[in-house]
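The values are calculated or read from the model by the stated rules, or taken from the named source; none is laboratory data. Because the structure is predicted, anything quoted here is derived from the model rather than measured. Counting neighbours? That spans all protein chains shown, and the Cβs are built from the backbone with ideal geometry, glycine included.
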Amino acid sequence: MPKASSISVLIADDQPSMRSLVRAGLEQIGFADVREARDGEEALRSVVAKPAHLVISDFNMPGLDGIGLLRSIRVHPPIAKTAFIMLTGRADVELLKRAKEFGVNNFVMKPFTVATLKERIEAVFGRLS
Amino acid sequence: MRSAALANRPLAGREPGDRHVSVIQGEFQVTDDPAVVLTTLLGSCVAACIHDPVARVGGLNHFLLPSGEGRPGADHLRYGVHSMELLVNGLLKLGGRRDRLQVWLFGGARITRQLADIGASNAAFAEDFVRREEFTYKGGSLRGDTARRIQFWPASGRVRQLALPNTPVEVLPVAPSRAPAPATDDPEFF
């Protein structure tokens, strides 16, 4: 049973309020090592410089979007196995299919509850303590 | 979630050539059409009118947070954040830029003394959102105890408020019109 506090998370979203909301949810679950990036490029730089166990990324970001970030992580061997959860505002089948092709680990539909966020993370890491 | 419903009753200040589009609770509209006037009727709900003066696009939403304790990160805030995100993303798709967005906020009234002040928490959320997002706050009118009708010309950024004292609007504690589906209804792929 992994400890939430031992899992490092990077949140990538261009909207500060959404980042705050995700961070608050993660902290409520028990995560302590949480950092943020304002877009896909910043997230990629951050995770290359300091790997994270989990990236939670919005799909819709300017420049490098969520799919682009996912793809970039998956082709970069040192971080290729980073768990990746995509935040999305709609159940766009094509988007979800593309994300799956690039190895997304799970999705969270917005608006979401903390319980849903936890459930989706646990589907990737196993039950958290 | 873009409403296409047209207003069906006369509005104060209607001008020739204007096409009034009503935005109801839980919805939003964005457009660059200079003939469109977005209108909404607010009680304890809040509407954000957002405009990009360079791209000449704008939009308006109308949201209500469910009752909550107002603590940061509480689940009830997700409705407001999501509503705002949809509006902002709609503007970006029309050519708007985040660093140019100007915001007016309206609503958040306490319509009845018999209920918790939902309007105040809606207003506080909206102000906090604008601050966090570092948008340019142009003003507006929040709180108070009267309903308001808002008219917003999204392409020009002109906005007008009509106070509607004694208007019976949202006098009941209203759940969000589009409650998020339970987790079990979310798409599950794994």
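Kindly establish whether A:Met61 is closer than 16 Å to A:Pro111 by Cα and modelled with pLDDT under 95. Judged against the criteria, A:Met61 is not a match. For segment B:94-102, indicate whether the set of residues that are under 10 Å from B:Val46 (Cβ atoms) and of a type outside the set (Val, Ile, Thr) is non-empty. No, because not a single residue in segment B:94-102 is under 10 Å from B:Val46 (Cβ atoms) and of a type outside the set (Val, Ile, Thr).
Per-residue answers, yes or no, for (1) closer than 28 Å to A:Val114 by Cα; (2) modelled with pLDDT of 85 or more; (3) within 14 Å of chain A (Cβ to nearest Cβ):
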| position | (1), (2), (3) |
| --- | --- |
| B:Glu127 | yes, yes, yes |
| B:Arg131 | yes, yes, yes |
| B:Leu142 | no, yes, no |
| B:Arg148 | no, yes, no |
| B:Ala179 | yes, no, yes |
| B:Asp185 | yes, no, yes |
| B:Phe189 | yes, no, yes |
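Scanning segment A:6-59 for residues that are touching a residue at least 24 places away in the same chain (Cβ under 8 Å), surrounded by fewer than 21 Cβ atoms within 10 Å (Cβ to Cβ), within 14 Å of chain B (Cβ to nearest Cβ) and of a type outside the set (A, V, I, L, M) yields A:Gln28, A:Gly30, A:Glu36, A:Arg38, A:Asp39. Out of curiosity, is A:Glu36 part of a helix (DSSP H, G or I) and modelled with pLDDT of 95 or more? It is false that A:Glu36 is part of a helix (DSSP H, G or I) and modelled with pLDDT of 95 or more. Within segment A:94-118, which residues are part of a helix (DSSP H, G or I), facing another protein chain (nearest Cβ under 7 Å) and of a type outside the set (Lys, Arg)? Residues satisfying the conditions are A:Leu96, A:Val114, A:Ala115, A:Thr116. Number of residues in segment A:55-69 that are at negative phi and not in a strand (DSSP E or B) equals 10.
Every residue in segment A:60-90 that is among the hydrophobic types (A, V, I, L, M, F, W, C) and crowded, with 17+ Cβ neighbours inside 10 Å, please. Reasoning before the result, please.
We begin by selecting, within segment A:60-90, every residue among the hydrophobic types (A, V, I, L, M, F, W, C); these are A:61, A:64, A:67, A:69-70, A:73, A:75, A:79-80, A:83-87.
Correct list: A:Met61, A:Leu64, A:Ile67, A:Leu69, A:Leu70, A:Ile73, A:Ile79, A:Ala83, A:Phe84, A:Ile85, A:Met86, A:Leu87.
Reported count of residues in segment A:72-93, each being within 13 Å of the chain's Cα centre (by Cα) and in a helix (DSSP H, G or I), is 1.
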